[in-house]
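Student: Sharing a structure, written as structure tokens. Questions coming.
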Amino acid sequence: MSLPTTVRIVEVGARDGLQNEAAIVPTATKIELIERLAASGLRTIEATSFVSPKWVPQLADAAEVYTGIRKIEGVSYPVLVPNLQGYERARAAGVTEIAVFAAASEAFSRHNINASIDESIQRFVPVLERAQAEQVKVRGYVSTVLGCPYQGEVPVADVVRVAQRLHRLGCYEISLGDTIGVGTPGKARAMLRAVAAQVPMTALAVHFHDTYGQALANLLACLEEGVGVIDSAVSGTGGCPYAKGATGNVASEDVVYMLDGMGIATGVDLSRLVETGLWLSQVLGRPSSSRVARARSAH
């Protein structure tokens, strides 16, 4: 067992967290959220997504949000892009790091973006070529790595194949996502181990949803395998618009609390993060999904 001494948290609340909110969150609030997250010590904050506003109205203000953030030296603000058009919009706004998205489940890919896995990856090839030419960093997401709402089990070999392809195409980091939160620690460990046999562990991240309350246990299993990057969302926001009943991402506050308690450095000020999560909960008009935030605000 080789636990990492430090973990980089990739905060996805401003994009993955907010994209499913039914009520449109004002642009100024999104900017304030990102700036508060940076002030808490987070160094990678996914800012928004340059998807078609028709598909995700919540993120129609992507350019305004990105250009409105007061950027802090040493903090990266990646954005999700679905295709070349999204990439061009992102670049016009001054974006220097992007993320692309593929599913490990054929059924999920077809339901989600109306394309096979291979077709979805083909769409990214011109994006990755342009990004490489323009020295834009690219992160790759693989969704449904531990289960799919349409096909159920997802063969580990499929996860490995998609992760390997994205890595070969030039993604510096591959985030492995349990989109519907069905994974358990043994399965999470086995999946990560299989991927790490083909893609270096230093290029892998894990992204767990907490639908069945397994996210922290899954993260611990993956930390024991040596993973050093964790995706999470402040206040446990998010879900998956295409996966019925899939609750939010694991809460950043809970992840930081666990890592602090294990002596693993994150560089994040937990108190400031909890404050930000409670502020966001008030903005969204519902209680925080973070157990840590709830425990601390009960005093």
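Student: P(r) for the stretch 68-215: what percent of alpha-carbon pairs falls in each 10 Å bin, starting at zero?
Tutor: Cα pair-distance distribution for the stretch 68-215, in percent: 12, 41, 34, 13, 1.
Student: To continue, here is another question. Using the reciprocal of the averaged 1/r over all distinct C-alpha pairs, how large is the Kirkwood radius of the stretch 244-299 in Å?
Tutor: 11.9 Å
Student: To the nearest 20 debye, what charge dipole does the chain have about its Cα centre, counting +1 at the Cβ of each Lys and Arg and -1 at the Cβ of each Asp and Glu? Don't skip to the end; give the middle numbers.
Tutor: Numbers: 27 positive and 29 negative charges, 27 e Å.
Taking the Cα centre of the chain as origin, the dipole is about 140 debye.
Student: Using only the Cα atoms of the stretch 147-299, what do you get for the radius of gyration and for Dmax, in Å?
Tutor: 15.8, 50
Student: Okay, next question. Sticking to Cα atoms, compute the Rg of the stretch 1-157 to one decimal and its Dmax as the biggest Cα-Cα distance, whole number, in Å.
Tutor: 16.2, 47
Student: Dividing the convex hull volume of the Cα atoms of the stretch 155-239 by its residue count, what figure in Å³ per residue is obtained? List each step's numbers first, then the result.
Tutor: Numbers: hull volume 7.7 nm³, N = 85.
Spelled out: Cα convex hull of the stretch 155-239, divided by residues, is 91 Å³.
Student: Would you kindly derive the ³J(HN,Hα) couplings of the stretch 165-179 from the backbone phi angles with the Karplus curve 6.51 cos²θ - 1.76 cosθ + 1.60 (θ = phi - 60°), listing them in order in whole Hz, with x for Gly and Pro?
Tutor: Ordered by residue, 3J(HN,Hα) equals 5, 5, 5, 5, 6, x, 6, 6, 9, 10, 9, 9, x, 8, 4 Hz.
Student: Which net charge results when you count Lys and Arg as +1 and Asp and Glu as -1 among the other residues whose beta-carbon is under 12 Å from that of Val156?
Tutor: Combined, the nearby Lys, Arg, Asp and Glu give +2.
Student: Using helices alone, I'd like the mean residue ellipticity at 222 nm for the chain: each DSSP H run of four-plus residues gives -39500 (n - 2.57), total over residue count, nearest 500.
Tutor: -12500 deg cm²/dmol
Student: Shifting gears a bit: Can you divide the C-alpha Rg of the stretch 72-123 by 2.2 N^0.38 Å and report the result to two decimal places? Working shown, then result.
Tutor: Values: Rg = 13.4 Å, N = 52, 2.2 N^0.38 = 9.9 Å.
So the Cα radius of gyration is 1.36 times the expected 2.2 N^0.38 Å.
Student: Determine, at each q value in 0.10, 0.13, 0.14 (inverse angstroms), the log₁₀ of I(q)/I(0) that the Debye formula gives when each Cα of the stretch 8-297 is one equal point scatterer.
Tutor: Listed by q, the Debye log ratios stand at -0.46, -0.82, -0.98.
Student: Now for a separate question. Rounded to whole Å and sorted largest first, list the principal axis extents of the Cα atoms in the stretch 116-202.
Tutor: 40, 28, 18
Student: Whole number please: convex hull volume per residue, Cα atoms of the stretch 1-85, in Å³.
Tutor: Cα-based convex hull of the stretch 1-85, divided per residue, equals 131 Å³.
Student: Sticking with this one: How would you rank 121-129, 178-186, highest first, on the average number of other Cβ atoms within 10 Å across their residues?
Tutor: 178-186, 121-129
None of the figures in this text is laboratory data; all of them are computed from the coordinates on show. The shown structure was predicted, so the numbers you read here are calculated from the model rather than taken from an experiment. Neighbour counts are summed over all protein chains in view; Cβ atoms, including those assigned to glycine, are modelled from backbone coordinates with ideal geometry.
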